[in-house]
Amino acid sequence: MRADEFYNFMIKREKLRLVKAQGGPWPWSKDDILNSFKFTNVKRSMDRTTEWFWKERLDKHKEAPAPTILFNCALFRYFGTIEFSEAVGWIDHWPTSAQLVKDTAKERLANKERVFTGAYVITNQGLKAPKQDVVVDHFLTPLWEKAPTICNMAENTRKWEHTAKMMMELKGFGGSGFMTKEILQDALHTKVFPTCTDTNTYCPVGPGAKRGLNRVLGFEKDARLNNGLEVMIRLFKDKEKYWPEEWVKLELHDIQFQLCEFDKYERVLHGEGRPRSRYKHG
């Protein structure tokens, strides 16, 4: 297993963040690929968008009912941009605010203003309607209705695995579980999860992470992988060998997320393609 190469990639990415944070001169890395393209921080919580959301939405509304917090996590991640969140604000009532969200998205799109993130692909899942209408009517509205039950699951089981599997039953939150994972990773830091006992023993393995795991294992990147979580946990335990003890503390989700980034890095390294976003410093 190429655990050493995977962790070397993570170490280079974290060194870049540290040099940048300390005000070091450009280029922040000796790696041209990392200097040229966008790769998320090793800790998702340190990315600009996540930092903004936690501070400006979750911290300021930490006393809101747990179902409302969960819903707003979903609202934010499904559109994924700070600009759109600033435009619609925090939502306390639904579906009375549904039309506002759809109208705001439509207006901003018409004005060529940011609505959806480019960090991942949001599909209509075969539904013939504007993307914002699909998200609001077919994904977010059913979630609002089931959010109290999902939050009860989180509180009663103290496991995000059980909570995720219930949430993945909803349209727009199933499949690989990517969107559910993104939303619950925010909710883990709120009253939705008073405690959580399986933070480092469970995490949905999305398509990008599966490709990354295949690369780490030395397989073809699109090979069928049935034991992804098991392999990911083994890789996570290797942190004791490779990750500097004095650096940020890793969680299993960090490994999952960085496997996606490792796949992106290897695509560039081997001439298989490029990430959609170039990094522009300054």
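The values are calculated or read from the model by the stated rules, or taken from the named source; none is laboratory data. Being a predicted model, the structure only gives us computed values, none of them experimental. Cβ sites come from the backbone with ideal geometry, for glycine too, and all protein chains shown count toward neighbours.
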Exercise. Examine region 83-96 for a residue that is assigned to a helix (DSSP H, G or I) and either in contact with a strand residue (DSSP E or B) (Cβ under 6 Å, 6 or more places away or on another chain) or surrounded by fewer than 14 Cβ atoms within 10 Å (Cβ to Cβ) (or both), and state whether such a residue exists.
Key: yes
Quiz item: Just wondering, is there one or more residues in region 69-76 that are buried (at least 16 other Cβ atoms within 10 Å of the Cβ), free of Cβ contacts under 8 Å to residues at least 40 places away in the same chain, farther than 25 Å from residue 228 by Cβ and assigned by TED's automatic domain parsing to the domain that holds residue 151?
Solution: yes
Self-check item: Criterion: acidic (Asp, Glu) and within 20 Å of the chain's Cα centre (by Cα) - qualifying residue of 145, 169
Solution: 169
Quiz item: If you check residue 206 against the conditions, is it under 23 Å from residue 73 (Cα atoms), buried (at least 17 other Cβ atoms within 10 Å of the Cβ) and not assigned by TED's automatic domain parsing to the domain that holds residue 63?
Solution: yes
Practice problem: Give region 138-190 a look and list any residue that's farther than 12 Å from residue 70 by Cβ and β-branched (Val, Ile, Thr), or say none. | Solution: 141, 157
Self-check item: Total residues in region 220-244, condition modelled with pLDDT of 95 or more and over 23 Å from the mean Cα position of the chain (by Cα)
Solution: 4
Exercise. Check residue 145 against each of (1) surrounded by fewer than 15 Cβ atoms within 10 Å (Cβ to Cβ); (2) more than 19 Å from residue 101 (Cα to Cα); (3) of a type outside the set (A, V, I, L, M) and name the one condition it does not meet.
Key: (2)
Quiz item: When you go through (1) in a helix (DSSP H, G or I); (2) buried (at least 17 other Cβ atoms within 10 Å of the Cβ); (3) without any contact (Cβ under 8 Å) to a residue 40 or more places away in the chain one by one for residue 135, which number turns out not to apply?
Solution: (3)
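Just the residues that are assigned to a loop (DSSP other than H, G, I, E, B) and under 22 Å from residue 47 (Cα atoms), please, taken from region 232-255.
Within region 232-255, 243, 244, 245, 246, 247, 248, 249, 250, 251 qualify.
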Practice problem: Can you work out which of the residues in region 98-123 that are among the hydrophobic types (A, V, I, L, M, F, W, C) and closer than 14 Å to residue 87 by Cβ is surrounded by the fewest Cβ atoms within 10 Å (Cβ to Cβ)? | Solution: 110
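Test residue 180 against the criterion of being closer than 23 Å to residue 59 by Cβ, surrounded by 15 or more Cβ atoms within 10 Å (Cβ to Cβ), touching a Pro at 6+ places or on another chain (Cβ under 8 Å) and not acidic (Asp, Glu), and give yes or no.
On the way: closer than 23 Å to residue 59 by Cβ: yes; surrounded by 15 or more Cβ atoms within 10 Å (Cβ to Cβ): yes; touching a Pro at 6+ places or on another chain (Cβ under 8 Å): yes; not acidic (Asp, Glu): yes.
For residue 180, the condition - closer than 23 Å to residue 59 by Cβ, surrounded by 15 or more Cβ atoms within 10 Å (Cβ to Cβ), touching a Pro at 6+ places or on another chain (Cβ under 8 Å) and not acidic (Asp, Glu) - is met.
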Practice problem: Output yes when any residue across region 31-42 is outside any helix (DSSP H, G or I), outside the structural domain of residue 262 (by TED's automatic domain parsing), modelled with pLDDT of 95 or more and in contact with a Ser or Thr (Cβ under 7 Å, 6 or more places away or on another chain), and no when none is. | Solution: no
Quiz item: Of the conditions (1) of a type outside the set (A, V, I, L, M, F, W, C); (2) farther than 21 Å from residue 235 by Cβ; (3) surrounded by 14 or more Cβ atoms within 10 Å (Cβ to Cβ), residue 63 fails just one. Which one is it?
Solution: (3)
Exercise. Identify the residue in region 150-183 that is of a type in the set (A, V, I, L, M) and within 21 Å of residue 125 (Cα to Cα) and, among all such residues, is modelled with the lowest pLDDT.
Key: 179
Exercise. From the list 184, 229, pick out the single residue that is aliphatic (A, V, I, L, M), more than 27 Å from residue 36 (Cα to Cα), part of a helix (DSSP H, G or I) and touching a helix residue (DSSP H, G or I) at 6+ places or on another chain (Cβ under 8 Å).
Key: 184
Quiz item: Within region 11-20, can one find any residue that is part of a loop (DSSP other than H, G, I, E, B) and among the hydrophobic types (A, V, I, L, M, F, W, C)?
Solution: no
Quiz item: Where residues in region 97-117 are closer than 16 Å to residue 75 by Cα and in a loop (DSSP other than H, G, I, E, B), which of them is modelled with the lowest pLDDT?
Solution: 117
